[in-house]
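Asker: The structure is given below, and queries will be raised subsequently.
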Amino acid sequence: MADLNATIAHRPLAGILWMLAAGFCFVVMTAIVKALGTEVHPVQAAYLRYLLGLVFLLPAIPALRGARLSAQQWGFFGLRGVMHAAGVMLWFFAMTQIPLAEVTAMGYLTPVYVTIGAAFFLGEKLALRRILAIAAALLGVVIILRPGFREVDPGHLAMLITSFVFAGSYLLVKVAADDVNPAVVVAMLSIWVTVAMTPFAIAVWEPVSLHALGGLAVVACFATAGHYLMTRAIQAAPLTVTQPVTFLQLVWAVSLGALAFSEPVDGWVIAGGTLIMAAVSFITWREAVLKRRAVTPPNIAPKL
């Protein structure tokens with residue numbers, strides 16, 4: 001994947017606005033999934049989201065035809081697809097189990113896991129400051145879950161695994177696709193995830209209403225738009241400018257959860273999410289200061 005640092009402009013206002021728009025798309029996407037509830041099995045819903053989203057790959061067909069991938073790259077892409085498929089299915093399950101704000105807050109963990117994984121598998125050094133930031137993020141998770149003071153739902157465990165799996169997916173693509181066209185990387189992910197989820201979807205398949213099918217098509221649209229807008233944001237301004245803006249997703253998720261789904265506003269979730277986001281922003285800032293090649297993902301929204 002091409003290094004974005006070489007193409008980043010210095011238009012902070014544009015970057016902030018693009019990231020605001022991207023965050024709005026991601027929150028609307030999660031709200032629609034939440035609204036569908038148990039109308040569609042989570043695994044089937046995840047599969048249909050990706051299957052319907054394949055239409056957005058049409059512009060990538062020329063790049064796919066021209067791609068010359070090695071056997072090792074094919075293997076990495078396949079493994080990444082299987083891992084990512086597991087994360088997507090768990091995310092859709094979590095959306096049916098826990099409040100929107102908690103899903104959003106725990107999703108911030110992905111860059112933290114990436115930082116840890118980069119140290120173990122990519123040889124990145126973990127300075128004391130980064131270790132303390134990771135510890136702060138993990139403390140944020142404890143604040144959100146509060147084990148021993150409330151019941152930890154299966155949805156919480158699903159989100160913990162989801163963030164871990166998405167981090168693994170990101171690290172795989174960093175290893176395998178530095179010299180691959182970004183359009184090919186995105187297309188391969190979508191194709192492999194769809195293929196990997198097919199047997200699981202068949203196992204739970206039930207008739208789907210036009211209402212649910214339309215809702216999942218809209219989810220695919222908002223997910224695609226969100227990632228496009230996010231890309232524009234990180235091309236317009238440095239991560240140190242755009243990353244903190246993603247915190248507003250938690251604010252919107254809390255507000256939407258309260259207004260649309262009657263979910264109580266949990267101050268502990270807000271506090272824990274704020275701590276995690278602060279840690280992620282600090283790690284991003286340190287990467288910029290040290291002028292290292294960025295390993296932390298440019299946003300906290302997983303590829304859903």
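Asker: What helices (runs of 4 or more DSSP H) lie completely within the range 1-114 and have 3 or more residues being touching a helix residue (DSSP H, G or I) at 6+ places or on another chain (Cβ under 7 Å)?
Answerer: Values: elements: 12-36, 42-53, 61-66, 71-95, 100-107.
Answer list for the range 1-114: 12-36, 42-53, 71-95, 100-107.
Asker: To continue, here is another question. Collect the residues in the range 99-154 that are among the acidic types (Asp, Glu) and free of Cβ contacts under 8 Å to residues at least 60 places away in the same chain, keeping them in residue-number order.
Answerer: Glu151, Asp153
Asker: Give the range 117-170 a look and list any residue that's in contact with a Ser or Thr (Cβ under 7 Å, 6 or more places away or on another chain) and aliphatic (A, V, I, L, M), or say none.
Answerer: Applying the first criterion (in contact with a Ser or Thr (Cβ under 7 Å, 6 or more places away or on another chain)) to the range 117-170 yields 130, 134, 163, 166-167.
Answer for the range 117-170, where residues must be in contact with a Ser or Thr (Cβ under 7 Å, 6 or more places away or on another chain) and aliphatic (A, V, I, L, M): Ile134, Ala167.
Asker: Checking the conditions here, which among Ala212, Ala201, Ala196 is buried (at least 16 other Cβ atoms within 10 Å of the Cβ), within 18 Å of Gly53 (Cα to Cα) and touching a Leu at 6+ places or on another chain (Cβ under 7 Å)? It would help to see each step written out before you state the result.
Answerer: On the way: Ala201 fails: touching a Leu at 6+ places or on another chain (Cβ under 7 Å); Ala196 fails: touching a Leu at 6+ places or on another chain (Cβ under 7 Å).
One residue alone meets the criteria, Ala212.
Values quoted throughout were computed directly from the atomic coordinates according to the rules given, and no laboratory measurement underlies them. Since this is a predicted model, take the numbers as computed values, not measurements. Quick reminder, even Gly has a Cβ in these numbers, built from the backbone with ideal geometry, and neighbours come from all protein chains shown.
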